[in-house]
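The structure appears right after this line, and notes come after that.
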Amino acid sequence: MTKGRLEAFSDGVIAILITIMVLELRVPHGATFSALIPLIPVVLSYVLSFIFLGIYWSNHHHLLHAVERVDGGVLWANLHLLFWLSLVPFVTAWMGENRFARGPVALYGTVLLLAGVAYFILARSLVSIHSRDSVLALAIGRDFKGKLSVVIYLAAIPLAFVKSWLACALYILVAVMWLIPDRRIERAIRE
């Protein structure tokens, strides 16, 4: 499989996940704006998950842009990432429908944590089949933001059982960290 096919397949999966999430948004029974109020938790969880899937899509695109080739290990690492991302619509709906209750918020964080770990594995799998001085290896470097994200998730998951809103605030912090574009790969390619 070429890197182009891998990227196209991943793009398709992520697009389907976003579509599934939006289809979970139910139309309220009523024509007044007040009928939308009960949907606020559902919409907020959707927005957060849409942002996370967008972040993964964007970073996955940049990651593969710096790659020369893929192998079987990379294919499995990519499927591992897509598996955890495929659970995002489920945990998003559960969290939103239950108004950010403790268990759903903890499971949401667990899925985000495991997706982050899977992305790290994918990146390391790609680096391992390229030279140590490849554009990809130099661009990824020590991956401080990736490691910090995992640490924040590890703190947020147990915190969800104490104060779910604080755990959600930590998830939002991770999203904000990644919304600031990671230009390492783009910069390494230009140089």
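So for the pair Trp94, Val176, with labels modelled 7 Å out along Cα→Cβ, what separation do we get in nm?
It is 2.7 nm.
Which loop-located chymotrypsin sites (Phe, Trp or Tyr not before Pro) does region 114-183 contain, where loop means any DSSP state but H, G, I, E or B and the Cβ has at most 13 other Cβ atoms within 10 Å? Could you put the intermediate results ahead of the total?
Details: sites: Tyr119, Phe120, Phe144, Tyr153, Phe161, Trp165, Tyr171, Trp178; in loops: Phe161.
Sites meeting the loop and neighbour criteria: Phe161.
Report the extension gain between Arg5 and Asp71 in nm, rounded to one decimal, defined as 0.36 nm multiplied by the number of residues separating them, less their alpha carbon distance.
Details: separation 66, 0.36 × 66 = 23.76 nm, distance 1.22 nm.
Once the chain is fully extended between Arg5 and Asp71, it gains 22.5 nm.
Accessible area per residue for the chain in Å², computed with a 1.4 Å probe and the full protein assembly in place, what is it? Write out the running numbers ahead of the final one.
Numbers: 10270 Å² over 191 residues.
Using a 1.4 Å probe on heavy atoms only, each residue of the chain averages 54 Å².
Rank Leu114, Ser58, Ile20 by how far each Cα sits towards the positive end of the charge dipole of the chain (+1 on Lys, Arg Cβ; -1 on Asp, Glu Cβ) and give me just the farthest.
After comparing all options, I get Leu114.
Under a 1.4 angstrom probe, counting protein chains only, how are Ile51, Ile180 ranked by accessible area, largest first?
Details: Ile51 55, Ile180 110 Å².
Listed by decreasing accessible area, they come as Ile180, Ile51.
Using DSSP to call loops (not H, G, I, E or B), can you name the trypsin sites (Lys or Arg not before Pro) in region 93-191 whose Cβ has at most 16 other Cβ atoms within 10 angstrom? It would help to have the intermediate numbers written out before the result.
Details: sites: Arg99, Arg102, Arg124, Arg132, Arg142, Lys145, Lys147, Lys163, Arg183, Arg184, Arg187, Arg190; in loops: Arg99, Arg132, Arg142, Lys163, Arg183.
Those that pass, being in a loop and sparsely packed, are Arg99, Arg132, Arg142, Lys163, Arg183.
Rounded to a whole number, what % of the accessible area of the chain do carbon and sulfur atoms account for, probe 1.4 Å? Present the calculation step by step, with values, prior to reporting the outcome.
Working: 7250 of 10270 Å².
Carbon with sulfur: 71 percent of the solvent-accessible area.
The values are calculated or read from the model by the stated rules, or taken from the named source; none is laboratory data. Small disclaimer: the values here were computed from a predicted structure and weren't measured. Note: ideal-geometry Cβ built from the backbone for every residue, glycine included; neighbour counts use all protein chains shown. For the accessible areas, the whole protein counts, side chains as well, though only heavy atoms, and no ligand, DNA or RNA atoms are used. Shrake-Rupley method; radii C 1.70, N 1.55, O 1.52, S 1.80 Å.
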